[in-house]
Structures are given as C-alpha cells and as structure tokens.
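Structure record follows, encoded as structure tokens.
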Amino acid sequence: MYTYQNPETIEKTYSLAKGLYAAYGINTDKVIRFAADIPVSIHCWQGDDVTGFEGASELSGGGIIATGNYPGRARNGDELRADAEFAFSLIPGKKRFNLHSMYAETTGLRSSGKKVPRDELDPEHFKNWMAWSKKKKIPLDFNPSLFAHPMADSGFTLSSANPKIRDFWIRHCKASRNIAAAFGANQGSPSVVNTWIPDGSKDLPADRLSPRLRLRDSLDAIFDVKLDAKIITDAVESKLFGIGSESYVVGSHEFYLGYAASKQIRLCLDTGHFHPTETIADKISSTLLFVPGLLIHFSRGVRWDSDHVVTYSDDLRDVCREIVRQKCLDRIDFALDFFDASINRIAAWVIGSRSMRKGLLEAMLEPVKLLTDAEKAGRNHERLALMEEFKTLPFNAVWDKLCLEANVPVGTGWLDNVAEYEKRVLCNRI
Ligand code: RNT
Ligand code: ZN
C-alpha cells in the first residue's frame, strides 16, 4: 500500500541536498555515518505494556500506567525478542536493548519453575537475554523494578519507614547491579543500570525530610558495592509526580542532582518528568559541570502522562541540538522510555526510535560554527537568521539517504512490513 521511493530518486534528491549543506560547510556523507553510529537504547517494556514475565496480567502500581488494549502484546521472552528483532529491522542506526528485572526468565532453571523473588534474581535468570544479545550484537542495559509488586504497595520502597521493605529493595537493587555487571562482561562494554523508584505520596506530607534521608542511606548501601566501570554505568532517575504521588515525590530532581554529583554517577533526565513547559535542553550544560554524564530517557509528556510515544518534537530537537552543540555526545547515554498499549506496539517502537535518530541527525547537520562565530562577533541578528534558515534545510533528503544506507525502509514503507507482521504474528496471540 505504501510506496517506497525508488533508490534512484532518493540518491538524486540527496545529491542536491548534499550540495546545499556543503555550502554551509557540512559534509552530509560524514554526518550520516556519525549519526547512525550513536547507540540508542530501546526499552523492552513498550513491547508488553510494562507487564513483565512474573505472571501479572497488566502493569499495576508505581504511579505509571499503560492504557489501551491493541492486540498482540508479547507474552514471554521469545515473543518479546522476536518483536524487538522485527522492530530493529525497521529502525536505522546502532541499537541497544533496555531490560527491567521483571523480564527475568526463571522457569526451568534451578528454581524449577518457582517464582524467584526479586531480591534473589541473578544473571542466570537472564541467560536467554545474554545469549540473544551476543548473537544479535545488541548490548543490554538494565533497570531494577521497584513497582508492580506487593512490597511496593505502600507507595514507598527504598525510602520506606519499614526496614523490612527497605532492605528487600536494597537487596533487589544490589542484585540488579550484579546482573548489569554480568551483561557488561558478556557484551564487553558497560551496561547502564538505571534506578527509578516510585516513592511519594498522594497528599501533602507533613515530613518531607525523613523519606529523603532514608532514600539517601539506602542508595549509599547500594552504591557502596564498587563495581568495575568497564562493565557497569550507574544512573539515578528523578521525577516530578506520578499517579498517586501528586503531592510529593521523594526522588525529586534536586534530590538526585545532588546525589549523583556527590557520588559521581550519572543523572538520568527523563524528558517527561518535569513541569509541562520545562524542557531539559537547558539542564544539560549545567548538570554536566557536576556529574560525569547523563542518561536521557526520551519520552513525551502529555498533560498528566509522561510516557507517550516519542515524536520528532521541538523538545526532542532542542535536546539533540544542545548535546551536539556542546560536543558532549560521549557523556550522554540515549534511551527511549514510553509505553502505549493503544496502538501497534512495534509501530510505537519504530516511530519513537526513528524520531530519535532523526533528531540526532538533524542536530549533527547544523552548521554550529557559523552560529557561534556570529555570536562571538556580537551579530546576534545574524545568529537568529541562521538558526531560522537551518531549520528548513532539506533535511528529509539526508534522512532518507541514512535509511537507505542502513538498509531499512525509506519513508512510510515500513508500515507495510508492520501490517504484514501484525497479520501473520500478532493477531494469533489472542
Ligand atoms: C517512570 C520512569 C521509569 C519507567 C521505566 C519503566 O516514570 O520514567 O524510567 O518508565 O523504568
Ligand atoms: Zn524514565
């Protein structure tokens, strides 16, 4: 149904675009290679609405929610891996895959089919994932799961006033770092392990301090175990509010900024975790002065939700431009974080991932030097005029060429592949 442009037309259009960019000193051939080479960590949880393999029928608790019931949710590791592989075939550029601990495969192992408590998980429960990662050359990242669990029902985990609950989650986070370290050793490069907790309260707390003191101490206990930076990168993620934690979130931005700076670990900024008009673009240059690096969760906030499918929005483009302008790509881990159960989940992955890569490509095509030269010379009218002009350079021709080179469908061609997979595979899962 959707026609592919023929490669000849793409090449022709590209060569015209290439000339225009060259006039501003940009070598598009080179940029295509660099932009495709930046790893983006694709989150496994879009594939199954953050349900995991622990026997839950849907995501529950933790202040996050996946709404919708489009058919075809992946129900186990094999389905999730198959769906991810298929999505990868439609997404250009270097990819990683991001797992949560709730995606452990514990049946048939020493537990002999018994549920393994989250605080007893170990790398063995991820051996299918590691084998797949190695075979497909897709490095893995990791997250402890501190939600959708009876021990999280009070709304507090690492900051709970109950030492039993706190200790359970401390053990879980320690176990998670060990699993990430095993991923790192398996793939020969660090696995990024990101800690996000839902802790907070619906209504006004009288004591905002005590939970934060407890969270600090719990994190200290977790990060006191030193692991080799060659195999693991630690990050901590803040949030403004969640469903049921509207009035107070223990792990706020200020909390984690301070914590990450004091421990010299990565700060995770999720684009959906700030006030609706607040963007993280302006936070990059400040935070990077004090933390070793950033993990960015690209997401899209819509009203109260922070997890809509990523689009090629001004927000995303600003963040990408900012990173490229500062030349700090090597200190940023790019990751996606959204979950929409109301549309084809593979399409959601593809749309978000392609938009992310578009943002990176566009940012790398910007003739930054011309902007900074104008700025240094005090010609700010020129700076503004150039910024405006650069927005409408024939970017799409370069994007199409990147897709062509990456051997993935150009334009909307991938929708046909998704329709075919839906019919052949997803519709049989009902
Ligand atoms: C929640 C955080 C967190 C989760 C995933 C599932 O608000 O953004 O990153 O989305 O870990
Ligand atoms: Zn996130």
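The values are calculated or read from the model by the stated rules, or taken from the named source; none is laboratory data. Because the structure is a prediction, the values reported are computed rather than measured. Quick reminder, even Gly has a Cβ in these numbers, built from the backbone with ideal geometry, and neighbours come from all protein chains shown.
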>> Pull out all pairs, ordered by first then second residue, where Cβ-Cβ is under 6 Å, the residues are six or more apart or on different chains, the first lies in the stretch 273-297 and is farther than 14 Å from GLU322 by Cβ, and the second is loosely packed, with under 13 Cβ neighbours inside 10 Å and modelled with pLDDT of 95 or more.
In response: PRO292/GLN264
> ARG331 versus (1) buried (at least 21 other Cβ atoms within 10 Å of the Cβ); (2) in contact with a Leu (Cβ under 9 Å, 6 or more places away or on another chain): which is the lone unmet condition?
Replying inline: (1)
> Picking from GLY72, GLY52, GLY47, which residue would you name as being touching a helix residue (DSSP H, G or I) at 6+ places or on another chain (Cβ under 8 Å), on the phi > 0 side of the Ramachandran plot and within 15 Å of ligand 1 (Cβ to nearest atom)?
Replying inline: GLY52
>> Just to verify a result, which residue in the stretch 302-323, among those that are among the aliphatic types (A, V, I, L, M) and either in a helix (DSSP H, G or I) or touching a helix residue (DSSP H, G or I) at 6+ places or on another chain (Cβ under 7 Å) (or both), is farthest from ligand 2 (Cβ to nearest atom)?
In response: ILE323
>> Looking only at the stretch 216-239, how many residues end up being in contact (Cβ under 8 Å) with a residue 60 or more places away in the chain, over 26 Å from GLN187 (Cα atoms) and either within 16 Å of ligand 2 (Cβ to nearest atom) or under 19 Å from the mean Cα position of the chain (by Cα) (or both)?
In response: 1
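Could you please find all residues in the stretch 108-127 being modelled with pLDDT of 95 or more and under 21 Å from ALA148 (Cβ atoms)?
Selection gives VAL116, PRO117, ARG118, ASP119, GLU120, LEU121, ASP122, HIS125, PHE126.
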> Name the pairs whose Cβ atoms lie under 8 Å apart, with the first residue in the stretch 255-269 and closer than 14 Å to ILE197 by Cβ, the second hydrophobic (A, V, I, L, M, F, W, C) and in a helix (DSSP H, G or I), and 6 or more positions between them or separate chains?
Replying inline: PHE255/LEU215; TYR259/LEU219
> Just checking, which of LYS174, LYS127 is surrounded by fewer than 16 Cβ atoms within 10 Å (Cβ to Cβ), closer than 16 Å to HIS100 by Cα and charged (D, E, K, R)?
Replying inline: LYS127
> Inside the stretch 150-166, can you point out the residues that are surrounded by fewer than 22 Cβ atoms within 10 Å (Cβ to Cβ) and either among the charged types (D, E, K, R) or touching a helix residue (DSSP H, G or I) at 6+ places or on another chain (Cβ under 8 Å) (or both)?
Replying inline: MET151, ASP153, SER154, ALA161, LYS164, ILE165, ARG166
> Identify, please: which residue in the stretch 39-68 is modelled with pLDDT of 95 or more and exposed (fewer than 15 other Cβ atoms within 10 Å of the Cβ) and is, among those, farthest from PHE298 (Cα to Cα)?
Replying inline: GLY68
